[in-house]
Amino acid sequence: MRRSFASLALAAAIAVSGTAGAKPARKPAPAPVALSPTAPKLIVAISVDQFSADLFAQYRRLYTAGLARLQQGAVFPSGFQSHAATETCPGHSTLMTGDRPARTGIIANMWFDPANPRAEKRIYCAEDERDPASTPDDPVVSAWHLKVPTLGERLKAVSPASRNVAVSAKDRAVMMMGGHDIDAAYWWRRGAFVTLNGRKISPAVEAVNGLAADMIKAGDAPMALPEWCAPRDRAVAAGSKTVGTGRFPLEAGKEAGFRTSPRIDAATGALAARLVDEMKLGQGKAPDVLSVSFSATDYVGHTFGTEGAEMCIQMAELDKTIGSLLDHLDAKGIDYVVVLSADHGGFDLPERLTQQALPGAVRVGSGLGPDELAAAVTAKSGVTAPGRLLYSDGPFGDFYFSAALSAEDKAKAQAALVEIARAHPQVAAAYTKADLAAVPMPGGSPQDFTLIQRARASFDPQRSGDVVILLNRGVVPIPDPSRGAVATHGSPWDYDRRVPMLFWRKGLAGEEQPAPVETVDIAPTLAAMLGLVVPQGEFDGRCLDIDGGAGDTCAPKR
């Protein structure tokens, strides 16, 4: 019989004491500010990595546990990550800040700084590259690059007794949802949950790590395929790989099989529940914030695609995991509010989409790699550079020229790159830094943003590339699925931008609002529920009325 990690983790009682580990000393706290008398005691902010609005629509009638319960609250099926760079770090940076990447400064998972004195010019979004021990692949994890405060940080600034906690399999999700001033921060690294440098692992985390280690050592049986997943159970060839019929067997000693399966979500949920107990979250006089990012949907989407048996199993298991966490909070008698959304959507592998007669679903062809484009730029403009001429993290997104170029040569190279890119049959648009800087920050409905407005919402003049390239709809920027992921995200198109947004609280009247909203609306809405006053203009988003027509969610409550 397959063991349930969630049930094992939640059933194993442990003694808890102390806090979630040593923290750096804080400056003297300001005098507390009175919050709303109706404020919930605990904000539970859930992100499901790569949970597109399409995936939610496809499975929403089949959920029976946590995701079924959340649909009884306020449902916004057309939430938008309104920017173009639909990756994990930028998307997570919007959820608890209320700001788009243009303001958060988180333009991508990776960007480049050609003038950086270290030999490695790549910069990871959640590293502190000032530390000589940090590299993009083995970072000193930090929220250093996040330019704005999170909701948890804003709350702590006026309510010093409030705690700000974040957990995920991904360090970047923890840092972007938690921010700089964080009481407990845990993510998965090489087979265990770890925390920030200088802090100790708490007993709750040690217990979950022990359970995970036992399962990885022993292995685990394949997961059952729900009956309603049968139509998805079909093999599809993607290069030398075959996907679509997987059941997630866990080979003994293979940590990767644990991490790229629903088990990592179960472990994350169990850790969140144990931290609620250990830190008594939502059980004190001041409200707390718990951010939980579930990463398995993203891992499954990249490894197997979004339309096979693997994703169907993941949807069933995610529903149970969220249900277990909510049941745990109920048993504690906590007054809590939940918001669930996603950092971005996702797109299935083109080999399966082609079988489904979806026109335009193709893999990226040749000519768009940084070395190919650099050679083409040199041939067209005559510009060269010592070392690398052009840096990028793939065949789309931000492209950076060598810091050694003169202003005149850079202008020539930029013009050549834009002309070359725009002539490529798989490129939808190419913009220079000057093009994007000249565009006002977009407003109005996010579904109506033009391509350049979507790119502008991701643009930071200090960090964005000299040229930004956007691919056509349906072009998957993975040329060879045999070498790694079979599917991905990151485009400016709605299959990557549109995500669900669900709010739930006991007693909250249910409603569904189909009009487009933005993920940057989450933080202003939660701030209003707390009675947290934020100066006008500090949020890109707006407060949403989630009172089922009562019309006073966003009214001050004192």
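The values are calculated or read from the model by the stated rules, or taken from the named source; none is laboratory data. Given the structure is predicted, the values throughout are model-derived calculations rather than measurements. So basically every Cβ, Gly included, is an ideal-geometry build from the backbone, and we count neighbours across all protein chains shown.
If you go through the stretch 399-454 and keep only what is closer than 30 Å to E538 by Cβ, assigned to a strand (DSSP E or B) and among the β-branched types (V, I, T), you end up with just T432.
Does the stretch 508-520 contain at least one residue that is under 22 Å from L151 (Cβ atoms), out of contact with any strand residue (DSSP E or B) (no Cβ under 8 Å at 6 or more places or on another chain) and at pLDDT 95 or above? Scanning the stretch 508-520 turns up at least one residue that is under 22 Å from L151 (Cβ atoms), out of contact with any strand residue (DSSP E or B) (no Cβ under 8 Å at 6 or more places or on another chain) and at pLDDT 95 or above.
Picking from residues in the stretch 397-443 that are hydroxyl-bearing (S, T, Y) and in contact with a Pro (Cβ under 8 Å, 6 or more places away or on another chain), the one that is surrounded by the most Cβ atoms within 10 Å (Cβ to Cβ) is Y400. Considering only residues that are within 12 Å of the chain's Cα centre (by Cα) and of a type outside the set (A, V, I, L, M, F, W, C), which ones fall in the stretch 65-114? Residues satisfying the conditions are Q81, T86, E87, T88, P90, G91, H92, S93, T94, N109. Within the stretch 74-123, restricting attention to residues that are polar (S, T, N, Q) and surrounded by fewer than 24 Cβ atoms within 10 Å (Cβ to Cβ), the residue that is farthest from P446 (Cα to Cα) is N116. Applying the condition of being farther than 16 Å from D348 by Cα and of a type in the set (K, R) to the stretch 445-491 and asking which residue is nearest to the chain's Cα centre (by Cα) yields R454.
Among the residues of the stretch 293-305, at least one is within 17 Å of the chain's Cα centre (by Cα) and farther than 30 Å from T354 by Cα. Residues satisfying the criterion are present in the stretch 455-470 (criterion: free of Cβ contacts under 8 Å to residues at least 40 places away in the same chain and either on the phi > 0 side of the Ramachandran plot or not in a helix (DSSP H, G or I) (or both)). Of P446, P500, all but one fail to be assigned by TED's automatic domain parsing to the domain that holds A342, more than 23 Å from K121 (Cα to Cα), touching a residue at least 12 places away in the same chain (Cβ under 8 Å) and surrounded by 16 or more Cβ atoms within 10 Å (Cβ to Cβ); the exception is P500. When the stretch 283-300 is filtered for residues that are under 17 Å from A184 (Cβ atoms) and surrounded by 24 or more Cβ atoms within 10 Å (Cβ to Cβ), the ones remaining, listed by number, are P287, D288, V289, L290, S291, V292, S293.
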